[in-house]
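Report on the following structure.
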Amino acid sequence: MSYHRNAELTPALPAGFVTLADVKAYLGVSDDAQNAKLTSMIDAASATSEAFCNTIFATRTVVETIQIEDDVSNIVLGYSPVSAVISLSCDVTAETSADFMLLRSNGFLRKADGSQCSAGFYTITYTAGFATLPEAVTLACKEFVRDLYNANGVNPLVKSDAVEGVGSTSFHAPGSYYVTGTTGARVPVAIAGMLGSYVRNFAP
């Protein structure tokens with residue numbers, strides 16, 4: 001089985017997983033001086049978390065073109081969870097989305113009559129993402145923002161600091177502070193643990 005694919009997401013980046021008000025309450029920030037910075041951090045944490053998990057959290061529309069070189073039992077969509085297939089076309093058959101059934105959680109499409117999916121170029125438009133974000137994901141986003149906020153201007157590899165004449169600075173071992181996902185996105189180890197059950201190892 002061989003796939004070649006290209007996908008366009010609308011919008012390209014997710015909306016923030018949490019509100020500015022939620023993050024300010026979580027961090028104990030009461031003034032508005034940091035609003036712009038915190039909003040930027042929310043956007044960065046949301047986009048990086050989604051890329052790390054290789055999963056669409058905030059609902060978006062995906063237009064995906066897939067070239068399948070051999071007949072297959074399933075067409076694997078590049079993003080999940082999939083809530084609905086809007087349209088489907090193939091360059092070698094007259095099939096439409098009505099000819100397929102969707103396994104929503106993992107983004108698999110199967111022929112409704114049980115036959116093989118023909119080799120060819122498919123253009124599939126679908127919606128993917130969670131109607132309501134899982135609590136673990138929103139909590140991970142808040143913690144990610146806290147990490148960015150606390151590390152602002154500080155080397156994140158520093159594990160403990162020191163006062164001259166009292167002690168020395170110690171560091172996390174290189175690579176131990178961040179975890180890199182299959183897409184190349186990197187998140188702190190603690191955040192990776194919170195998001196672990198949502199990581200999709202299949203790379204689109």
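Could you please report the charge total around Gln116, scoring K, R as +1 and D, E as -1 over all other residues with beta-carbon less than 14 angstrom from its beta-carbon?
-4
Count charges around Tyr26 for me, please; just the other residues with Cβ under 14 Å from its Cβ, Lys/Arg as +1, Asp/Glu as -1.
Neighbourhood net charge equals -1.
Can you give the local net charge around Met194? Use residues other than it whose beta-carbon is closer than 14 angstrom to its beta-carbon, Lys and Arg +1, Asp and Glu -1. Present the calculation step by step, with values, prior to reporting the outcome.
Numbers: positive: Lys142, Arg146; negative: Glu50, Glu135, Glu143, Asp147.
Value of the local net charge: -2.
Please report Met101, Met41, Met194 as a ranked list, fewest other C-beta atoms within 10 angstrom at the top and most at the bottom.
Met101, Met194, Met41
How high is the relative contact order of segment 1-67, given as a whole-number percent (alpha carbon pairs under 8 Å, six or more residues apart)?
62 percent
Here, each number is a calculation from the coordinates, and none is a lab measurement. Quantities reported herein were computed from a predicted structural model and do not represent experimental measurements. Don't worry about glycine lacking a Cβ; one is built from the backbone with ideal geometry, like all the others, and counts go over all protein chains shown.
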